[in-house]
Amino acid sequence: MARTFLTKLKRGLFMTHTEFLEKVGEAFQRTGPVEPVHIDRLEEALIAADAGVPLAVRLADEIRSEVRSNRITTADQLRPAVRSRLLALLEDADHDRRQAAQPPRVTIVVGVNGTGKTTTVAKLAKRRKEAGTTVVLAAADTFRAAAVDQLRVWAERVDAPIIHQREGADPAAVVYDAIAAARSRGIDEVLVDTAGRLHTRANLMKELEKVKSVAAREVPGAPHEVLLVLDATTGSNGIEQAQQFGATAGVDGVVLTKLDGTAKGGVVLAIAERLKLPVRWVGVGEGIDDLLPFDREDFVDSLLDVEA
């Protein structure tokens, strides 16, 4: 992975990294035997970073067990042991993106209000274009006032076509039109911006099911990816809601936004542990280039202050 990712990620994780190392830095840097207090601090640091109590307790207990059995005998073995466990946790949640047998590929972006779905769609469009993929944006958030205007501004910035209808129109009809436009113009992928919704709103979830159904009818295997956008600043408070949302919406992966604005970056670990979903992308700033493809090794090394 390019070092640009690691540099930006370390900057984005600055608060999490700083708070985490304030609690466990001494344990990672000292020599001599591992002291029980240092494992306690590791557990506390993981909980404070919103990795989740069950994960923090389990990982700390595993380390204690290895210390008791003399598999870990010195403090300088502690950081590699923690690193290997965190990497294994994130690896367990990983899986490949589904490809379309024939274009266009359809990606639907979902989530609750205020997480940054619309800007995420635009940033994804830029990333896709940089990779040589042509895209069209589907403005399927017909519920929120000015949502289409917001996406249109972003579409102009990334130089991507946008398909939209009037406010209050059927979102599934927008997706149908976007797929038809992609076919007629030879465009590779349709990126769908949807309205913010809670899993408890049955009518909105039914609307989302209709969007997915229309995509599946028009393109074999669609939607090829459903991305759930989560706000990292909400920490573990958003995990329970995301669990329910993911179960209802059939989510394939997570986009974690605003990672640079919180000391709770350990929520990435909670997502892997509790949601069993891969984090595909992380947002580390407001700029158009501040959406980064997630790399588990760079993330763990940034958190634990391991030099590249």
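The slack between E62 and A131, meaning 0.36 nm per residue of separation minus the straight C-alpha distance, is 20.7 nm. Of the trypsin sites (Lys or Arg not before Pro) found in region 97-135, those in coil by DSSP whose Cβ has at most 16 other Cβ atoms within 10 Å are R97, R98.
Overall, region 115-234 carries a charge dipole of about 80 debye about its Cα centre when +1 sits on the Cβ of Lys and Arg and -1 on the Cβ of Asp and Glu, all other atoms neutral. Dividing the summed -39500 (n - 2.57) terms of all DSSP H runs of n ≥ 4 by the residue count of the chain sets its mean residue ellipticity at 222 nm at -15500 deg cm²/dmol. Placing unit charges on each Cβ (+1 for Lys and Arg, -1 for Asp and Glu) gives the chain a dipole about its Cα centre, and among F294, V174, I72 the Cα reaching farthest toward its positive end belongs to V174. Computed from point charges on the beta carbon alone (+1 for Lys and Arg, -1 for Asp and Glu), the dipole magnitude for region 69-159 about its Cα centre is near 60 Debye.
Percent antiparallel among DSSP beta bridges with both residues in the chain, to the nearest 5? So the antiparallel bridges amount to about 10 percent of the total. When the Cα atoms of region 125-192 are aligned to their principal axes, the ranges along those axes come out at 34, 23, 12 Å in descending order.
From the largest down, region 14-59 spans 29, 25, 11 angstrom on the principal axes of its Cα atoms. Tell me, how many Å apart are the Cα centres for region 36-85 and for region 102-156? Region 36-85 and region 102-156 have Cα centres separated by 40 Å. For the chain, the Kirkwood radius over C-alpha pairs fed into Stokes-Einstein at 25 °C and 0.890 mPa s yields D = 121 µm² per second. The eigenvalues of the Cα gyration tensor, multiplied by 5 and square-rooted, give region 44-83 an equivalent ellipsoid with semi-axes of 20, 11, 6 Å from largest to smallest. Each semi-axis of the equivalent ellipsoid for region 33-163 is √(5λ) with λ an eigenvalue of the Cα gyration tensor; in descending order they amount to 46, 18, 12 Å.
The coefficient of translational diffusion for region 154-306, derived via Stokes-Einstein from the alpha carbon Kirkwood radius under 10 °C and 1.306 mPa s, stands at 93 µm²/s. Placing a label point 7 Å from the Cα of E91 along the Cα-to-Cβ direction, no residue of region 265-289 has a backbone N closer than 11 Å. Starting from the Kirkwood Rh over alpha-carbon pairs, what translational D in µm² s⁻¹ does region 97-210 have by Stokes-Einstein at 37 °C and 0.692 mPa s? Taking Rh from Cα pairs, D becomes 234 µm²/s.
Computed from the coordinates by the stated procedures, all read-outs in this text should not be read as laboratory data. None of these values were measured; they are calculated from a predicted model. Positions of Cβ are backbone-derived with ideal geometry, glycine not excepted, and every protein chain shown enters the neighbour counts.
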